[in-house]
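In what follows, a single structure is set out as structure tokens and then discussed.
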Amino acid sequence: MTLMLSLITSQVYAASGRPDYDLDDDGLIEIDDLGDLDEIRNDTTGATLYGENDGCPADGCFGFELTTDLDFDTNGDGEMDENDDYWNDGTGWLPIGNADPNDALSGINAFAAIFEGNDFTIYNLYIRSKGENTLQAMGFIGQSQAVDADAEEPSYIQNVRFDGPLTSVSGNYVTGTLLGNATGTIVSNVYVNSYVNSPGGPIGGLIGYAQVVEISGAQVLGVV
């Protein structure tokens with residue numbers, strides 16, 4: 001997998017039905033808003049968004065990239081509550097990449113692609129585990145793994161920031177701001193300023209549980 005970085009174009013399209021999902025032709029589908037971000041969970045390989053891949057290279061897209069800052073305090077009132085789009089009855093953001101509810105370290109539909117942040121910031125990420133999510137891996141991405149079964153082609157999560165006074169991630173087991181559980185993943189140039197809580201652990205400000213993971217250029221502030 002080759003990641004070709006390029007400048008972000010100022011022309012963007014929101015939601016599905018775009019004429020081009022990869023405007024800069026780098027193999028990464030543009031994420032323009034929180035709706036796009038939420039849709040990633042439906043194809044964690046990075047090949048499509050909303051089931052579409054118009055504008056991707058001939059050999060297909062293999063990841064996603066932010067085109068702007070995003071804020072989960074969607075009404076801008078300084079509080080996370082039912083007036084925000086991703087409140088979800090108090091659960092908040094549902095992590096991308098599911099875990100087996102009987103074993104939080106076994107991946108089901110885990111993220112296996114590139115997530116390129118382009119140095120943009122995701123503000124006020126809010127996650128609260130409850131009910132059926134008790135044993136889910138909690139984080140922006142709950143579960144990540146290598147693209148291939150031999151772990152020779154890792155996933156990449158890079159050049160992204162998590163900040164804002166409401167940034168808070170709580171779980172009952174594997175919990176981290178960026179990643180709950182990660183295997184076969186390369187993390188680079190990531191900034192996190194958050195509150196993270198888990199009575200059961202494993203827990204981390206950046207990643208809750210990691211194996212075969214390479215981390216560089218990470219800065220983590222806040223409370224764990």
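The values are calculated or read from the model by the stated rules, or taken from the named source; none is laboratory data. Only a predicted model underlies this, so the values are computations on that prediction, with no experimental measurement involved. Please note: Cβ atoms are built from the backbone with ideal geometry, for glycine as well, and neighbour counts cover all protein chains shown. Please note that ligands, DNA and RNA were not included when accessible areas were found on the heavy atoms of the full protein model with its side chains. Shrake-Rupley method; radii C 1.70, N 1.55, O 1.52, S 1.80 Å.
One table, with the values for the structure above:
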item: Segment 176-202 - residue that is outside any strand (DSSP E or B) and under 14 Å from the mean Cα position of the chain (by Cα) and, of those, nearest to residue 152 (Cα to Cα); result: 178
item: One residue from 173, 156 being of a type in the set (Phe, Trp, Tyr), surrounded by 19 or more Cβ atoms within 10 Å (Cβ to Cβ) and part of a loop (DSSP other than H, G, I, E, B); result: 173
item: Tally, over segment 34-66, of residues that are under 17 Å from residue 19 (Cβ atoms), open to solvent by 20 Å² or more (accessible area, probe 1.4 Å) and under 16 Å from the mean Cα position of the chain (by Cα); result: 1
item: Among (1) closer than 26 Å to residue 28 by Cα; (2) in a strand (DSSP E or B) - the single one residue 220 does not satisfy; result: (1)
item: Residue ID - surrounded by the fewest Cβ atoms within 10 Å (Cβ to Cβ), chosen from residues in segment 97-118 that are modelled with pLDDT under 90 and of a type in the set (Asp, Glu); result: 103
item: Pick from segment 203-217, criterion over 15 Å from residue 144 (Cβ atoms) and buried (at least 16 other Cβ atoms within 10 Å of the Cβ), ranking: nearest to the chain's Cα centre (by Cα); result: 205
item: Subset of segment 69-96 [assigned to a loop (DSSP other than H, G, I, E, B), free of Cβ contacts under 8 Å to residues at least 60 places away in the same chain and either hydrophobic (A, V, I, L, M, F, W, C) or surrounded by 15 or more Cβ atoms within 10 Å (Cβ to Cβ) (or both)]; result: 74, 84, 86, 87, 91, 93, 94
